[in-house]
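In what follows, a structure is listed as C-alpha cells, so that the remarks can point back to it.
The values are calculated or read from the model by the stated rules, or taken from the named source; none is laboratory data. Here the structure is a predicted model, which means the values were calculated and not measured. Positions of Cβ are backbone-derived with ideal geometry, glycine not excepted, and every protein chain shown enters the neighbour counts. Note: areas computed on protein heavy atoms with side chains; ligands, DNA, RNA excluded. Shrake-Rupley method; radii C 1.70, N 1.55, O 1.52, S 1.80 Å.
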Amino acid sequence: MTVESTAAQKPRRSAGTKSAASTGTTGTKRAATGAKRTGANKSPGADTQLIQLLTPEGKRVKDATYDPYVADITPEELRGLYRDMVLTRRFDAEATSLQRQGELGLWASLLGQEAAQIGSGRATREDDYVFPTYREHGVAWCRGVDPTNLLGMFRGVNNGGWDPNTNNFHLYTIVIGSQTLHATGYAMGITKDGADSAVIAYFGDGASSQGDVAESFTFSAVYNAPVVFFCQNNQWAISEPTEKQTRVPLYQRAQGYGFPGVRVDGNDVLACLAVTKWALERARRGEGPTLVEAYTYRMGAHTTSDDPTKYRADEETESWEAKDPILRMRAYLEASNHADEGFFAELEAESETLGKRVRDVVRAMPDPDHFAIFENVYADGHALVDEERAQFAAYQASFADEGEDK
C-alpha cells in the first residue's frame, strides 16, 4: 500500500521543508528578507466570516440561507463527494510522481483544493458549461473527463485530449485569466439563445489581478450574463501572497461591478456545493453573475517547477493541514454513521486501481515531438528559426553519440 493511496492521507509538503526552529532561521532574518509569512491568516479579510457547513473537525453546522441547497442530499451522495475527493487526490499524487520520474514535462497540483473543486463541480448541471484554468482536475473528474486525458498536454503529446463539447468542459487555459472573458461571451450567447443553462469560470487569486478578469466582470454585469466566477483563493500566486494582490477580501470586488460576491470555506465540500448551487440557480433565473471566493490553501507547489519552501513558512502550511478537506469529510461520515470500514476499504482498493491505470496509460503514451516547437513560428519560415532548429538537432544527436562512445 502506498502513502498516496491512503484515503485519509494528509496533504504533503514539498520534500526538504524544514521548520524555522530546525533550520535556525530567526524572526529577524525572516522579517528582513520578507520571503515568508509566519501566520496562516494573513491574507486580506482572512477573519471575514466564511460560509461553512462543516467545521474542520467534521461537525455539521447550520446555515439558514444555504442549508436548503443540501437538505435533500443522501448518504450515498455524501459518500460520493468523499470518493471524488479521495480519487482526485490519488490521481494528482500519481501525476506529480510521474512528472518527477520524467514522464511529464510539468504538473500543476490541486493538493488541498479538492473540496472547492468537487463541491462546485458537482453543483453543475449537464447542460452548464465550464471554463477551467489548468488546475481543475477535480472539476474535470466531475464533468466525466477521463483523468488520463489531462496528462497528454502535460506530456506534450496533445493540446488537451478531449472534445470540449462532449462534456461541456473547455480545454485547459494556460494564459492566466483569459478564460473568464471566454466564459462571459459564452454566457452572453446563452442569453441570446434563450437557454436556461449557466456558465462557471474558474480562476485563482493571482488571476484576479489580470485585466481580462476585470473586463469579464464589467461585461457580465452590464449584460446580466448567467455566469458564476469561481475564484479558488489558495493564497499564493506562485510566490506572491494575497496581500500583494488586494487590500480587501477578493469576494468584495464584485460590489464595485454591481453583482453579489460571497466567500465560502473552500475546504468544506458541502458549503462549496451549496453556495455554487445557489449561484448557478441565480444565473439560470436571469439574475446575472456571482463571484464566489473559495477560501482554501495550496498545500503543494504552484507547479512541479516551483519550490514553495523558498517563500512559505512551515507554520502556515501545518496550520492548514488541520483543515484538510478529506479528513474533515471522513470525520463527518464516521460521526453520522454514513460510512463504515467496508466503504473505506473498497475505496482504498479503487484508489490503487486508479493509480495503476494512470501510470500504465502515461507510460504507454508516445514521446513528444521535440521539434514541434519550431513549427508555426513564422508563416513562411525564418533563418533564425532554421538556425535554432539545427542547433537543437545537434544537441539531440549528441546524446546518441555519447551512447555509441560507451
From the residues in region 357-395 that are at pLDDT below 90 and part of a helix (DSSP H, G or I), which one is surrounded by the most Cβ atoms within 10 Å (Cβ to Cβ)? ILE373
Examine region 171-180 for a residue that is at pLDDT 95 or above, small (Gly, Ala, Ser) and either open to solvent by 40 Å² or more (accessible area, probe 1.4 Å) or assigned to a loop (DSSP other than H, G, I, E, B) (or both), and state whether such a residue exists. yes
Filter region 90-103 for residues that are of a type outside the set (Gly, Ala, Ser) and open to solvent by 10 Å² or more (accessible area, probe 1.4 Å) and give the result. GLU94, THR96, GLN99, ARG100, GLN101, GLU103
Inspect all residues belonging to region 300-308 and state whether any of them is part of a helix (DSSP H, G or I) and either surrounded by fewer than 22 Cβ atoms within 10 Å (Cβ to Cβ) or without any contact (Cβ under 8 Å) to a residue 12 or more places away in the chain (or both). yes
Take the conditions in contact with a Phe, Trp or Tyr (Cβ under 8 Å, 6 or more places away or on another chain) and either of a type outside the set (A, V, I, L, M, F, W, C) or assigned to a helix (DSSP H, G or I) (or both) and apply them to ARG247. Does it pass? no
In the set ARG83, ARG60, which member is basic (Lys, Arg), touching a strand residue (DSSP E or B) at 6+ places or on another chain (Cβ under 9 Å) and either open to solvent by 70 Å² or more (accessible area, probe 1.4 Å) or farther than 23 Å from TYR202 by Cβ (or both)? ARG60
Hey, can you tell me all the residues within region 192-218 that are surrounded by 17 or more Cβ atoms within 10 Å (Cβ to Cβ) and touching a residue at least 40 places away in the same chain (Cβ under 8 Å)? SER197, ALA198, VAL199, ILE200, ALA201, TYR202, PHE203, GLY204, ASP205, ALA207, SER208, PHE217
Only one of (1) within 30 Å of THR74 (Cβ to Cβ); (2) open to solvent by 20 Å² or more (accessible area, probe 1.4 Å); (3) aliphatic (A, V, I, L, M) fails for VAL248. Which number is that? (1)
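To keep it simple, each residue is scored yes or no on (1) touching a Phe, Trp or Tyr at 6+ places or on another chain (Cβ under 8 Å); (2) among the hydroxyl-bearing types (Ser, Thr, Tyr); (3) not in a loop (DSSP other than H, G, I, E, B).
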residue	(1), (2), (3)
THR184	yes, yes, yes
THR191	yes, yes, yes
SER197	yes, yes, no
PHE203	yes, no, yes
VAL213	yes, no, yes
THR218	yes, yes, yes
Within region 150-163, the count of residues that are surrounded by 16 or more Cβ atoms within 10 Å (Cβ to Cβ) and either over 20 Å from PHE91 (Cβ atoms) or of a type in the set (Phe, Trp, Tyr) (or both) comes to 2
Within region 251-272, how many residues are open to solvent by 20 Å² or more (accessible area, probe 1.4 Å) and among the small types (Gly, Ala, Ser)? 3
Note on region 273-296: residues touching a strand residue (DSSP E or B) at 6+ places or on another chain (Cβ under 7 Å), over 16 Å from VAL130 (Cα atoms) and either part of a helix (DSSP H, G or I) or open to solvent by 10 Å² or more (accessible area, probe 1.4 Å) (or both) are VAL275, ARG282
Those residues that are in a helix (DSSP H, G or I), of a type in the set (S, T, N, Q) and open to solvent by 20 Å² or more (accessible area, probe 1.4 Å), I need them from region 105-149; list them, please. ASN149
